[in-house]
Structure formats: structure tokens, C-alpha cells
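Everything on this sheet refers to the single structure shown next.
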Amino acid sequence: MKRFNTSAYCNPSIHYMVDISERVNQTRQMIDRGDYFIINRPRQYGKTTILSALRESLVNEYTVLYLDFQLISSTSFQSEDLFVRTMCRRISRMPKETIPTEINRQLKELAKDVKTVLMDELFDIFSDWAGMVNGRMVLIIDEVDSASNYDVFLDFLSQLRGRYIERKYAPTFQSVILAGVTDIRYLKSRIRDDQDSKVNSPWNIAVPFNIDMSFNSVEIAGMLEEFEQDHHTGMDIPFISQQIYDYTSGYPYLVSRLCQIMDEELTKAQQPWSRKGMDEAVKRILKETNPLFDSLIAKVTNNPEIFDILEQSLLRGDKMLYMPDNEKQKQLMMYGFLKEKYDNTVAVANRIFETRLYNKFLGESRFQKTASSMAELNRNIFTKDGFLDVPLVLDRFAKAYEDVIGNVEKKFNERDGRELFLLYLKLIINGMGTTILKRKQETRQRRMSLLTT
């Protein structure tokens, strides 16, 4: 029986997954054109899944060299000699029918520790090999940013670039795909300052990879239809798929994780494939610890400037202007935590990330003690038939504000009041639901809606 998967790559024979065939076809067209390109996407965004599917689509027409730099030890990147030998050993382990006998002999000879070997010797072998297959040869390297802190990797990129420029005169790879989280063009800020001569143009031959790898609600619905055929839950597929998209903005890991929670962790009594089940799944994902959330919090916390801007945006409704030359902002966009909007502003990438950050900011708010002194001890008075009595909440907040702080008309500060109200509300619903911020732009006013589930 198939299941939803959030670990490593997805396999359509054993996992429920969005149909990515069109993305594979579009990527294949780039290869057929002879493009060299980077698949630079955030963590757990489907890079390895699409590379695996792409590899299968190529093997009948191309010789495919598929390498995962995550499987190469850091020691192998310490020198050109060690790197070349490691590459030769790994490539020579490919299926025998894939490697011509003479090429296999050359690779094994170069791998021997009998003399110092150079990068260009490895690329001479690649050139000979490409000539034997009429140039129908593709190099795919996954987790390429595992090597991006090493000078030898820049030498490797320089060789790829040089052979690409000369490919009219000597055989080389038809296409090269480098996949990772960090954009290779971002290397200039990760290598030593004394290497400027190398980092200015190690990979300026790459064409943009503009294929959208996020999932839309229709694609999510297609995945749920397959699940429904197997399990007959009676779910409202259009509604559930739209809800999943609204919370995740199509971030592949978050889509799969919400489905996984509803399928594997919720009981029938919790009505997993319903609005109730969706609300419970969102509550659970917001409470869990995983590498994606750890990375989000670490990146924001380690960048005080961005931390302050995000805090002001989420808690106070301020806009974040898009700053194309701001390195901190570019990093957060590269890692998938921010997205550019149509009005030259940026926002947190999805409601799940927004709420996770919102909870962090409120947890560190300077108004914690004030809000605690204002909050009602008996939270049950604010719920009627399982629903939050918002008018009562607003009325009690106004009275508590005046009791603790003073006259509302004289003392109320909109920015501070917004943050204080969010804390007050969080204390009321804590353990009973989740509060999610949703910003709206209406005419010239900035408004922030609160979704409570």
C-alpha cells in the first residue's frame, strides 16, 4: 500500500505524490538544447525527486553520470589530487554496461595512488568518453553545495566552464545539472577574499532554471484523488486540496507532511480528511521540531536585521520592501523562507512559516508579563459551542487594557496594542486552537486578519 513520504526522494510506485511529469519534460527540453543549469531550491523542495525521475527519462538516450557530493567526504575536497581520485573511483562504480572498457581502464588507472593527478586529466577522460557516445552525455550532481566551501570545487567548475566554451572543437557533456540549496553563483560570499580571481565567473555559463517546483491546488487534488481511490474516505477533495495549498503555498515538504499527519496520526474520531482534521494537522505540524523549521528559526535568529523586519511585519503589519541587493534578504529568499510579491514587497513564504515565526516573536515579546496580568484565568467563558466568542474577547481585552495600562483613548498605541492583543488572544486559545495571521491589502489601509482554528 502506498503512503505519503517526507523522507528522501519520492517514488511513485510506493508513495502518493504530485504528478511531476511535466516538470521533468520541461527539464528534459533544457538538456536536449544543451543547457548547463542549476536547480537551486530550498530544503525538502523535491530536488532529488525530480533528479531521480529525470535520470530515468534520460538513460535510453544519454549516458548519465549521476553523483551525490553529500556522499563524498570532506577530506576528498582538500586537494586536487584527492578530489580527482575520489571522482574516478565513484564513476568507475557505475554499471559496467554504462562505461566503455577503455574509459573504465583510464579511470581506474587515474585512481591509483602512484603519482599526483590533475583535474585536467579527469576532464580529458570525460572528453574521450563524450566522443565515444557522440556527445550524448549528461552530468548530474546532487547536493553540490556540500562542496561549495572548497577551492578545488572552483577548479572543477572552471574546467566545466572551459570545456563548455570549447565544445565546438572538442567533445564534452551535452548538459550539466548542479542541484543544491545554495546557489552556486552565491559562492563569492563563501570563499576566502583572496580568491576573488576565481569566484568572479566560475559558473556564468548557466542558464536560469525557472521551472516552478511548488505544487498548486489542482496538482494536490490529483494526488488526493489517487489516495481516495485506495481508501474511500469520502473527503471533499477540492476543499481539502485548497486548504492544504492555502496553508503551505505548495511547499512540497509541508504538503506531504500535512497529508501524512492526517493519514497516519489522526484517528477516525478526529475526522482526518475534513476541516476538523485539517485544523488538527496544522496544530500538530506547528508544534513539531524538524530540520526545516530548525533551519528557518536559525536563519532568522542569526540575522538580526531580518529578524527585526519580520517581527515588525508579522506583529505590526509593516511592509517589507523588496531589496534585490540586500544579501540577508536574498539568502532568506534562496532558502525558501521569503517570497517576492507583485507590489515590490516580500512576505514570509507561507502561512505555516508565518505562524511558526509569529509564535517565536510572541514568545519573546516584551509584553509577556503585561498580557499575562490581563488574561482571564477562566478561558472557557470565551467559547460557545466550540467557537471563539470574538466580541467577548474584544470587550474583555479593552476592559483589561484600561485596568492595567490606563485610559484607552489616551494611552493606546496601535503598534504596541496589536502585539499585546495577539499575546492576550494566544493565552486564551493556548491548547485549544491555533491563531494564524493573514495580511490583507485593501485600498490604502493595512489590515491584518486573525484566523483561529
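Among the residues of the stretch 336-355, write down those that are in a loop (DSSP other than H, G, I, E, B) and crowded, with 19+ Cβ neighbours inside 10 Å. Before the answer, list the steps.
Taking the stretch 336-355 first, the residues in a loop (DSSP other than H, G, I, E, B) are 336-337, 341-344, 349-350.
Within the stretch 336-355, G336, F337, A349, N350 qualify.
Take the conditions (1) open to solvent by less than 30 Å² (accessible area, probe 1.4 Å); (2) at pLDDT 95 or above; I38 misses just one of them, which is (2).
Looking only at the stretch 55-92, which residues are assigned to a loop (DSSP other than H, G, I, E, B), open to solvent by less than 60 Å² (accessible area, probe 1.4 Å) and of a type in the set (S, T, N, Q)? Lay out the reasoning, then the answer.
Just the residues of the stretch 55-92 that are assigned to a loop (DSSP other than H, G, I, E, B), to begin with: 59-62, 72-73, 78-79.
Of the ones still in play, those that are also open to solvent by less than 60 Å² (accessible area, probe 1.4 Å) are 62, 72, 79.
Of everything in the stretch 55-92, just one residue is assigned to a loop (DSSP other than H, G, I, E, B), open to solvent by less than 60 Å² (accessible area, probe 1.4 Å) and of a type in the set (S, T, N, Q), namely S79.
Mind checking whether some residue in the stretch 112-119 is in a helix (DSSP H, G or I) and modelled with pLDDT of 95 or more?
Yes, the stretch 112-119 has at least one match.
The residues of the stretch 143-176 that are hydroxyl-bearing (S, T, Y), over 20 Å from T63 (Cα atoms) and open to solvent by less than 20 Å² (accessible area, probe 1.4 Å) amount to a single one, S148. Checked against the criterion of being closer than 30 Å to D416 by Cβ and open to solvent by less than 60 Å² (accessible area, probe 1.4 Å), the candidates G317, G250, G277 yield just one match: G317. All of (1) within 24 Å of S13 (Cβ to Cβ); (2) surrounded by fewer than 16 Cβ atoms within 10 Å (Cβ to Cβ); (3) in contact (Cβ under 8 Å) with a residue 60 or more places away in the chain hold for F227 with one exception: (2).
Among residues of the stretch 164-185 that are under 12 Å from M137 (Cβ atoms), none has a beta-carbon under 7 Å from a residue that is polar (S, T, N, Q) and at pLDDT below 95 at least six positions away or on a different chain. Residue under question is R379, and the condition is that it be modelled with pLDDT of 75 or more, open to solvent by 30 Å² or more (accessible area, probe 1.4 Å) and either on the phi < 0 side of the Ramachandran plot or under 39 Å from the mean Cα position of the chain (by Cα) (or both); does it hold? Taking the combined requirement at face value, the residue does not satisfy it.
Of the residues that make up the stretch 93-109, is at least one open to solvent by 80 Å² or more (accessible area, probe 1.4 Å) and of a type in the set (A, V, I, L, M)? No.
Matching residues to (1) under 30 Å from A298 (Cβ atoms); (2) of a type in the set (S, T, Y); (3) over 36 Å from the mean Cα position of the chain (by Cα):
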| position | (1), (2), (3) |
| --- | --- |
| K47 | yes, no, no |
| S74 | yes, yes, no |
| R85 | no, no, no |
| P95 | no, no, no |
| K112 | no, no, yes |
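Residues are listed down the side, and each one gets a yes or a no for (1) modelled with pLDDT of 95 or more; (2) small (G, A, S):
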position	(1), (2)
E226	yes, no
D230	yes, no
D236	yes, no
M262	yes, no
G277	yes, yes
L314	no, no
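Among the residues making up the stretch 218-253, those that are under 17 Å from K276 (Cβ atoms), of a type outside the set (G, A, S) and not in a helix (DSSP H, G or I) are T233, M235, D236. Of all residues being open to solvent by less than 20 Å² (accessible area, probe 1.4 Å) and assigned to a helix (DSSP H, G or I) in the stretch 25-35, which is nearest to T172 (Cα to Cα)? Just the residue, please. Selected residue: I31.
The values are calculated or read from the model by the stated rules, or taken from the named source; none is laboratory data. The model shown is predicted, which means the values in this text are computed figures rather than measured ones. We place every Cβ from the backbone using ideal geometry, glycine too, and count neighbours over all the protein chains shown. What goes into the accessible areas is simple: the full protein's heavy atoms, side chains included, and nothing from ligands, DNA or RNA. Shrake-Rupley method; radii C 1.70, N 1.55, O 1.52, S 1.80 Å.
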